[in-house]
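Inspection log for the structure reproduced underneath, given as structure tokens.
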């Protein structure tokens, strides 16, 4: 990959040893901004950022001037020899080979105030797109970034051709959430649900493709091999803490909706908090979304509270104005973020 990308007086390159403290200060600026927008708080302990700076310097020595290391890309914007911005990228191929394009997930994009009108942000994103093409060996690649709703960078991404394809909402965790009065009951999935889950997965794949989300597989035929794989996975993970599959089952016990629940621990420089995620909503189109979503959200709130998380993020929702998004809001969630992509 070309070492430099020119934009006004800004150039983009790999970080260098000795710049760890400068890059760590950019990260701190980013986490402070995220907290102002309602995101998870970052540490204010100088020792945390000193450790981060040392780790960044070690990483830069291993890179030896190359932005790409394995599946990870790290780039800084240089203004008169000093880092004024940075971005990371994680390259992965989701799903079955040949059914979708590889994805480069854009993370931690930050440009300090003094460089925001010099093209640094645009240069960083164009450079990471070039790195993604290099890792994909010229094959089509999807760039994806999650943007909090209050983040003014939403307009910036739109100007660069990124389009929203998935939305998130957030709701407080609560131990004593009453069970919803709907025809459906939420529970953990079991191996006997495999066929129903395979059918629901097909509706999820179709919804994602209809929204233009190219990060995941296209719908494909349901066969005995796929059903057996789902049953084996559910049997192997029975009794596991995370991740788990929740279902909304009808009176006969047949799943008519499903979602995946997981709890993660955020690492420094974030404060050490627990983050609960409820996503991959797959709903039977023969039923309204709200009665299916509400009991799964209630169960997720109880599980999140038991696992020490303060909120549940409902991810991979369809666009505002759709039944799924409306069901999330009706369950008590508030808008949180969106995923934007550029193919």
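Structure above, values below:
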read-out	value
Answer from 73, 62 - the residue that is at pLDDT 95 or above and assigned to a strand (DSSP E or B)	73
Region 332-343 residues that are over 20 Å from residue 128 (Cβ atoms), paired with ones that are assigned to a loop (DSSP other than H, G, I, E, B) (beta carbon under 7 Å, 6 or more apart)	335/149; 336/149
Those residues of region 129-162 which are surrounded by fewer than 13 Cβ atoms within 10 Å (Cβ to Cβ), closer than 16 Å to residue 338 by Cβ and in contact with a helix residue (DSSP H, G or I) (Cβ under 9 Å, 6 or more places away or on another chain), in sequence order	159
Residue satisfying condition, being modelled with pLDDT of 95 or more, under 25 Å from the mean Cα position of the chain (by Cα) and in the same structural domain as residue 110 (by TED's automatic domain parsing), within set 30, 16, 26	26
Those residues of region 42-62 which are surrounded by 18 or more Cβ atoms within 10 Å (Cβ to Cβ), under 26 Å from the mean Cα position of the chain (by Cα) and within 17 Å of residue 83 (Cβ to Cβ), in sequence order	49, 52, 53, 56, 60
Residues that are in a loop (DSSP other than H, G, I, E, B) and either out of contact with any helix residue (DSSP H, G or I) (no Cβ under 9 Å at 6 or more places or on another chain) or not assigned by TED's automatic domain parsing to the domain that holds residue 34 (or both), drawn from region 96-115	96, 97, 98, 99, 100, 101
Lone qualifier among 229, 240 - being modelled with pLDDT under 90, over 24 Å from residue 336 (Cα atoms) and not in a loop (DSSP other than H, G, I, E, B)	229
Test set (1) touching a residue at least 40 places away in the same chain (Cβ under 8 Å); (2) within 20 Å of the chain's Cα centre (by Cα); (3) within 28 Å of residue 139 (Cβ to Cβ) - residue 68 fails condition number	(2)
Count of residues meeting criterion [in a helix (DSSP H, G or I) and on the phi > 0 side of the Ramachandran plot] in region 116-158	0
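So that you can scan it fast, the table gives a plain yes or no per residue for (1) surrounded by 15 or more Cβ atoms within 10 Å (Cβ to Cβ); (2) under 26 Å from residue 301 (Cβ atoms); (3) touching a helix residue (DSSP H, G or I) at 6+ places or on another chain (Cβ under 8 Å); (4) assigned by TED's automatic domain parsing to the domain that holds residue 94:
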residue	(1), (2), (3), (4)
204	yes, yes, no, no
214	yes, no, no, no
228	no, no, yes, no
248	yes, yes, yes, no
255	yes, yes, yes, no
266	no, yes, no, no
272	no, yes, no, no
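The values are calculated or read from the model by the stated rules, or taken from the named source; none is laboratory data. Model, not experiment: these values are computed from the prediction. No Cβ is skipped: glycine too gets one built from the backbone with ideal geometry, and neighbour counts run over all protein chains shown.
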